[in-house]
Structure formats: C-alpha cells, structure tokens
Amino acid sequence: MTQVDIVNAMSDAEGAAKVTALFERTYGTKPAGVWAAPGRVNLIGEHTDYNGGLCLPIALPHRTYIALSPRTDTQVRVVSDINENDVQTADLNGLEAGGIDGWAAYPVGVAWALREAGHDVQGFDAAFSTCVPFGSGLSSSAAMTCSTALALDGAYDLGFGATDAGRITLINAAITSENDMAGASTGGLDQSASMRCTPDHAIRLDFRPGLTAEESAQQEAFDLSNHGLELLVLDTRAPHQLNDGQYAQRRATCEEAAELLGADNLREVADLVNAQADPATALEGVLERLDDDTMRKRVRHVITEIGRVDDFIEAFAEGDMQTAGDLFNASHDSLRDDYEVTVPELDIAVDVARDEGALGARMTGGGFGGSIIALVNQGESQRIAQCIADEFERRGFNAPRALPAYAAQSAHRVQ
Ligand code: GLA
C-alpha cells in the first residue's frame, strides 16, 4: 500500500521568502510587504452561516502568502507559483461584477469590492504562494481573498486590519469578491475564520443579522493536547461534483422554508425550538408545518446543527470529550442523511476513522468532496490517515492526504 501524503504547513519565513523571490523575478522590484491568511477547519456548525446560525471554526497553520506593492494607476498584475509564467492583468477602472475570469477574479475582486464600498484603493502588483490545498473544503479561496484584503489594507493604509471590528470591512470585501466577481457562493464562515481566529482557540461565530462585531464572535479555548487528543484533517481529494449549483439550491430551500414558517431565517426557528423543554418534539411540530419531504430534511439538519454548536462548546469546556466526539458523529450523519452534501469518499473516510478509534469524525466545509476531521488520541493521526488511504486504494479512489492541524493565528502581516 502507498504511504499517505502529509501536507505540512509552510512557516512564515518560508512563505515570505517564496513570495518575495517570485515578486522580484516577476516585477523586477521589491514588494512593499508580505501578508498571510490561513485556511480553516470548521469544527461544527455546517451550512448554518447563511441561515443566521452558529459555526465554530479554527484557523489552520496552512496559509496563503502574498507579496504586494500598491500602484499609482488602476492596473492590477497577479502571479502565483502554480504557474509563474502566467501573469494575469486587469484594470479596476470600469470593472463590473463578473468581469474577470479564472483565479485572478479572487484577488482583483477584493480591490474592486473595497473600491465599490468607497475605500481609497488603486491598482497593485502581487505574487502568491500557498500550502492550503485547492478544492479541499479548507477555504483556499478565503485564504486568497483575505490575504489580499489585509495586504491592500496595509499597502493603502486603510486602518481596518488592526482591530477585530475593523476586519469586518475586509471580510465583507472578501465575501463580495467571491460571490460577485468569482461567482462562487459563500456565506461568510470561511472569511470570518481566516480574519478573526486566535491561536489555541476556536471561534464561536454568530451569524444572526444585525449583531455588533463583539456580539458576533466569542473565542473558546481549544487545545486538544490538554485532553490527550489531536485533530486529524484529511483531504479526501474526491472530485467535486456540481458543487456550486447544489450549494445555491440548499440555500434557496432554506430561505423558502424560513418564509413558509414566517421567520426571517432558520436561526429564528432554531432559537424557538431549542428554548423548549423538549426540543425534539418542538422540532417535529415545526416540520409538520412543511409539506415537502426534502425541505423537512434540510430544515431538520439546520436546526439540529445550530443546537449542536453550543452543545459541543459545553461538552468541550467540561472536558467531556466523548460527548464532543458524539456530536461530531451526529453532525456528519445529519449532513449525510438530511442535508445530503456528502459523497462516498467522505462517508468512508469517516467510517474508517470511527472504526479505528476516533472519538468522532465528520466532514467539514461545504461538502460534495473536500475534507473530514476526526478527534483522535494523540499520536494516532498518521496511523488512522494511513488506514483511510489503504481503504481508498482498495476502492480505487484518489489518494487522500493528511494535514497536521491545530488552532493557529488569523491573517497577519509577515514582513
Ligand atoms: C462553504 C461556504 C461557507 C459555509 C460552508 C458550509 O465553505 O463557503 O460559507 O456555508 O460551506 O458550512
């Protein structure tokens, strides 16, 4: 059997050296600075952000690095070390939503979104390097848009990056770029995680509309080594299927259900249900008011998943790791059976992890491919990843890869 690949994170020094050298080779000058933004793993609270719900991500040590210099005109040039001969160019002047094709839409869209929001940003030259695997459900796109947003904030002295509340402006620009320039729907979890997480903490994000920055985020201590555990992150490398259309469809179903239930969003319904003495019966009562079977399943996932976020936080704070693991399992099963966003690779990876002694395992991110996470005993990640890789090989799936993971820092200036 083939040995499972491990994707190690670059250090800030390595990342900075790479992008600085690429910048100098490409543009013949030194960059004004180097910034980095991480990918994320969502511990629990999946497909809840666009329902005004709760999520609990950590920032990965795997980051996207950007070397950037501002320009005096509105031209943009971007290059990445995936193909350094392919320098993409754009003009911010007269640019409209959807006006850029390919990967350049992500960074160019951030500058465009900041300008649309009235901020004084001109063109820029930038070089990228990343160790966040693409298409892995670990938010490589947010790592790119958030690193660009923070770099533009620094290069143009906007002053938002210095505070958590200020970063909301940068998060919004990153979201707008992904939704409106790149045409990839996203609900805000990924960008908020990349911009707001702190080391050794998971962040409880509350997506109820109208909250202040302070109300919308709470740092929760998350150090698994205190409990003799570690987090296995495994990118299944399953080919993505119909990802965007399916995501948009789930979202539309949730919005329709909220409307039928006379609520602004499913979070309102979840809060009513979870406040009852017997939430399970209250949920049945809600579901009876919907005619469509598929819609009932989607709503059941969202409402139970929102409840699981605070249950997980409570179990974790009490050191009840088995309950925390059980909640991982319940979340996955709900995403598989009710929300129907898993694929065989995700389900099998989760099954093998559980069989091999994980306290709990679940898919993380949007689904339809991507990654799983598992709570495992310290020192067990590699063995369990290997068992999953062996099972994938037997089934003829792509070879998966594992990422050493812990709760790392959010986007920051490196140089
Ligand atoms: C993707 C989206 C996020 C979120 C997750 C599911 O990662 O970009 O906004 O909806 O799926 O939790």
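A few points about this structure:
- Filtered residue count, the stretch 148-202, keeping only those that are in contact with a His (Cβ under 9 Å, 6 or more places away or on another chain), within 16 Å of the ligand (Cβ to nearest atom) and open to solvent by 30 Å² or more (accessible area, probe 1.4 Å): 0
- Some residue of the stretch 321-332 being in contact with a Cys (Cβ under 8 Å, 6 or more places away or on another chain) and open to solvent by less than 10 Å² (accessible area, probe 1.4 Å): no
- Checking each residue in the stretch 11-32 for being outside any helix (DSSP H, G or I), small (Gly, Ala, Ser), on the phi < 0 side of the Ramachandran plot and more than 23 Å from the chain's Cα centre (by Cα) picks out only 32.
- Filter pass, residue 358 being buried (at least 24 other Cβ atoms within 10 Å of the Cβ), more than 16 Å from the ligand (Cβ to nearest atom) and in a loop (DSSP other than H, G, I, E, B): yes
- When 51, 42, 8 are screened for being open to solvent by 60 Å² or more (accessible area, probe 1.4 Å) and within 19 Å of the chain's Cα centre (by Cα), only 8 passes.
- A single entry from 50, 27, 65 fulfils the requirement of being among the aromatic types (Phe, Trp, Tyr) and closer than 21 Å to residue 407 by Cα: 65.
- Which numbered condition residue 371 misses (of (1) under 21 Å from the mean Cα position of the chain (by Cα); (2) open to solvent by less than 10 Å² (accessible area, probe 1.4 Å); (3) away from the ligand (no atom under 16 Å from the Cβ)): (3)
- Residues (closer than 20 Å to residue 364 by Cα, of a type in the set (A, V, I, L, M, F, W, C) and not in a helix (DSSP H, G or I)) located in the stretch 130-180: 131, 132, 134, 138
- In the stretch 205-226, the residues that are in contact with a Phe, Trp or Tyr (Cβ under 9 Å, 6 or more places away or on another chain), of a type in the set (S, T, N, Q) and open to solvent by 50 Å² or more (accessible area, probe 1.4 Å): 225
- Test: residue in the stretch 55-64 that is open to solvent by 10 Å² or more (accessible area, probe 1.4 Å) and either charged (D, E, K, R) or over 19 Å from residue 146 (Cβ atoms) (or both): yes
- Any hit, the stretch 312-322, residues being out of contact with any Pro (no Cβ under 6 Å at 6 or more places or on another chain), at pLDDT 95 or above, of a type in the set (Phe, Trp, Tyr) and assigned to a loop (DSSP other than H, G, I, E, B): no
- If you go through the stretch 89-98 and keep only what is open to solvent by 50 Å² or more (accessible area, probe 1.4 Å) and either within 22 Å of residue 142 (Cβ to Cβ) or modelled with pLDDT under 95 (or both), you end up with just 97.
- Selection of the stretch 334-355 for residues being within 16 Å of the ligand (Cβ to nearest atom) and of a type outside the set (A, V, I, L, M, F, W, C) yields 334, 336, 338, 339, 340, 342.
- Taking the stretch 89-147 as the range and being among the polar types (S, T, N, Q) and within 16 Å of the ligand (Cβ to nearest atom) as the test, the residues that pass are 136, 139, 140, 141, 145.
- Enumerated strands (runs of 3 or more DSSP E) restricted to the stretch 181-291, each holding at least 3 residues that are within 17 Å of the chain's Cα centre (by Cα) and not hydrophobic (A, V, I, L, M, F, W, C): 201-206
- In this structure, residue 139 does not satisfy being under 21 Å from residue 20 (Cα atoms), among the hydroxyl-bearing types (Ser, Thr, Tyr) and modelled with pLDDT of 95 or more.
The values are calculated or read from the model by the stated rules, or taken from the named source; none is laboratory data. The shown structure was predicted, so the numbers you read here are calculated from the model rather than taken from an experiment. Neighbour counts are summed over all protein chains in view; Cβ atoms, including those assigned to glycine, are modelled from backbone coordinates with ideal geometry. For the accessible areas, the whole protein counts, side chains as well, though only heavy atoms, and no ligand, DNA or RNA atoms are used. Shrake-Rupley method; radii C 1.70, N 1.55, O 1.52, S 1.80 Å.
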